[in-house]
Amino acid sequence: MAAEAEEAWKQYAVEGAVGPDTPVEIDDALLQIDAERAADLLTYLATYDLVFPGPARRNCAHARRAAERVVRLLGYEAAWYTNITDLSPGARAWNPVTRHTFDGVVAGTGGSFTVVLLQVGED
């Protein structure tokens, strides 16, 4: 998924930017999280902009309902992963999964489904 996004959006990345080149490097950037944290991060990525923090760009309650529904559909035994290490007030940190300056991903797999939400951006 990250490799496909990288190819599709390469014209928006900063020229000469570096980042993970292989699936192994992307896998190394991911941390396993629980379903509750996945719902929190899905909500954040669907609502806020990683590049320009500030007021919500979408309805947070709607995003939360959608995130909780996705988590329920995959099941609470699903495996969830993210590259985001900190989104506390005043801090945002992640391990890159693309060549974009800003990227945040949440991925889950459960049953026979996989869901990925990836946000990329440049300032």
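The values are calculated or read from the model by the stated rules, or taken from the named source; none is laboratory data. Predicted model, so just to flag it, every value in this text is computed and none were measured. Cβ atoms come from the backbone with ideal geometry, glycine included; neighbour counts cover every protein chain shown.
Data overview
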item	result
The range 73-122, subset free of Cβ contacts under 8 Å to residues at least 12 places away in the same chain and not in a strand (DSSP E or B), residue farthest from the chain's Cα centre (by Cα)	SER112
Residue that is surrounded by the most Cβ atoms within 10 Å (Cβ to Cβ), among those in the range 30-51 that are among the acidic types (Asp, Glu) and in contact with a strand residue (DSSP E or B) (Cβ under 8 Å, 6 or more places away or on another chain)	ASP49
Test: residue in the range 18-29 that is surrounded by 12 or more Cβ atoms within 10 Å (Cβ to Cβ), over 18 Å from PRO96 (Cα atoms) and among the β-branched types (Val, Ile, Thr)	no
Qualifying residue in the range 52-69 (condition: farther than 16 Å from VAL120 by Cβ, among the polar types (S, T, N, Q) and either surrounded by 13 or more Cβ atoms within 10 Å (Cβ to Cβ) or in contact with a strand residue (DSSP E or B) (Cβ under 8 Å, 6 or more places away or on another chain) (or both))	no
Of residues in the range 14-57 being polar (S, T, N, Q) and modelled with pLDDT of 90 or more, the one nearest to GLY75 (Cα to Cα)	GLN32
The range 2-16 residues that are farther than 16 Å from GLY104 by Cα and of a type in the set (Asp, Glu), paired with ones that are loosely packed, with under 10 Cβ neighbours inside 10 Å and modelled with pLDDT under 75 (beta carbon under 6 Å, 6 or more apart)	none
